[in-house]
Amino acid sequence: MRWMIMAAGFAISASSVVAEPLLPFQQGREGSILGTPAQIEADRRALAVYNSREVQKAIDALVATYEKDPVAQYPDARKTLRRAAEAMAMAQSFGVVAADPDRSQALWGTTGPHAWGDVVIPVEGVMVDNPDNIYRSIPIDGAASYVIEGRVIHAAPVQQTFVLHNEKSGADPNQKVKSQEDENGSVALEDLDVARDGTFTITVDNSPVNGRTNHLQSDPDVHDAYILVRDTIPDWSGQNPVQLNVKRVAGPPVKPLRSQAEMAAKAAALTGSVSRYFMTWAKQRFYSGAANTFAHQFDRATGWGFIKCGWYRLEADEALVVTLDRRNAAYLGFQLSDAWGQGQTSDYMANLGSLSGDQARANADGTYTYVISTSDPGIHNWLDTAGLRVGTYCARWQALPQGVKSAGAVKSMTVVKRAELDAALPPETVRVTAEQRAMQIAQRRKDYARRLQY
């Protein structure tokens, strides 16, 4: 598929850029919760940036960097290498368009391929991004004041968080790699004052919180901060992202829009610096540990959950069997990504590259047992590697009861031969026929389409 995009008053011919063909479930509806006019215009402009000569050269440079990286020597890592570089570049192209605190909106990025009519968006990915999350970013000038207006359309997400960050990972080429970005304040939907009609407001400025549950305090000396909004939706069939609108109500004089050339140069630079940051992160958090284990864990700084990450290495006749305890968390999710940390591509989203706690089937004792393998084992809780023998994974626990910790969250992890898989599974394991698997995948695609069309 090739496209011609009109954006910001100029035409961009993408004759040299071929988009990954989209499936019907990836078609969005203009006017849906996510398909706002501001979102579609931002996506148009991001495509123009992505298709620029500067960003395309940055992709080629990143491909060359990845090819020299030790990760490229792992089995099958080269199969997705260019796609991973393109996903990083698309994420940075959208990021520079969205990072306008003078015209702040809540814009959806870091997501799988989708389309709004003629606006066809390839995968936007950074590192093991969660397909159960709707990631929206609100740019903030700490010297300005904002009002975020929200409206809950039931069923609500199981968790929604607004986390203020004063820096973006990798934006500074000399930035120290951390487990996670510093959280400079947060509010959660469950703690907000929400009116009976589902509406709420959050104020953002540099005044102290002073006990206000609907307020975030910004730093007046930080002019390129942002609020990362996560709507966590484990039930794709019924839960909705919250409607959001942002108003800048006071602040310094508004600056002119950045030019196409400025945004392209910035996106190209970020494609290099952010990718270097996260490949270092991946080596520290994944590849520094043994394969087929959870090599690293970190707790969310403001207490809204924890995450465990690792990498798998499996032959065609092997499977990794993982049993997790939910720890009574409102949200449990387990996802796979490729060797470069990209996990929202079409093959993962259209098939079983992830399972939320709502999509998986629990054992009799309430734990969850998953099978990771390159081909279908006939188990409901199969995590499909898309045929790749090496990749990465993350499990997330969010919205835990007060005082519940991560100890005991992983009950077991073991690699077994496929011929011995049955003996490694609980007797109540839900098995599926080929027809049932096709129905499971068809339902997954239908449910995913809902977030684009509702």
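The values are calculated or read from the model by the stated rules, or taken from the named source; none is laboratory data. Please read all numbers here as calculations on a predicted model, not as lab measurements. Glycine also receives a Cβ, built like all others from the backbone with ideal geometry; neighbour counts cover every protein chain displayed.
Below is a table of values for the structure above.
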{"read-out": "Sole residue being modelled with pLDDT of 95 or more, touching a strand residue (DSSP E or B) at 6+ places or on another chain (Cβ under 6 Å), surrounded by fewer than 24 Cβ atoms within 10 Å (Cβ to Cβ) and not in a loop (DSSP other than H, G, I, E, B), chosen from 64, 72, 115", "value": "115"}
{"read-out": "Sole residue being touching a helix residue (DSSP H, G or I) at 6+ places or on another chain (Cβ under 7 Å), in contact (Cβ under 8 Å) with a residue 24 or more places away in the chain and among the aromatic types (Phe, Trp, Tyr), chosen from 74, 135, 66", "value": "66"}
{"read-out": "Close pairs (7 angstrom Cβ cut-off, 6 or more residues apart or separate chains): aliphatic (A, V, I, L, M) in region 174-195, at pLDDT below 90 anywhere", "value": "188/304"}
{"read-out": "Single condition residue 383 does not satisfy, out of (1) more than 24 Å from residue 126 (Cβ to Cβ); (2) under 22 Å from the mean Cα position of the chain (by Cα); (3) without any contact (Cβ under 8 Å) to a residue 60 or more places away in the chain", "value": "(1)"}
{"read-out": "Scope region 81-102; condition of a type outside the set (A, V, I, L, M, F, W, C), in a helix (DSSP H, G or I) and in contact with a Leu (Cβ under 8 Å, 6 or more places away or on another chain); matching residues", "value": "92, 93, 95"}
{"read-out": "Unmet requirement for residue 403, which otherwise passes all of (1) more than 25 Å from the chain's Cα centre (by Cα); (2) at pLDDT 95 or above", "value": "(2)"}
{"read-out": "Filtered residues of region 363-407 (kept if more than 16 Å from residue 310 (Cα to Cα), buried (at least 22 other Cβ atoms within 10 Å of the Cβ) and in contact with a Phe, Trp or Tyr (Cβ under 7 Å, 6 or more places away or on another chain))", "value": "381, 398"}
{"read-out": "Matching residues in region 419-444 - criterion: being within 23 Å of the chain's Cα centre (by Cα) and crowded, with 18+ Cβ neighbours inside 10 Å", "value": "444"}
{"read-out": "Residue count for region 275-309, restricted to those that are touching a Cys at 6+ places or on another chain (Cβ under 8 Å) and either of a type in the set (Asp, Glu) or in contact (Cβ under 8 Å) with a residue 40 or more places away in the chain (or both)", "value": "8"}
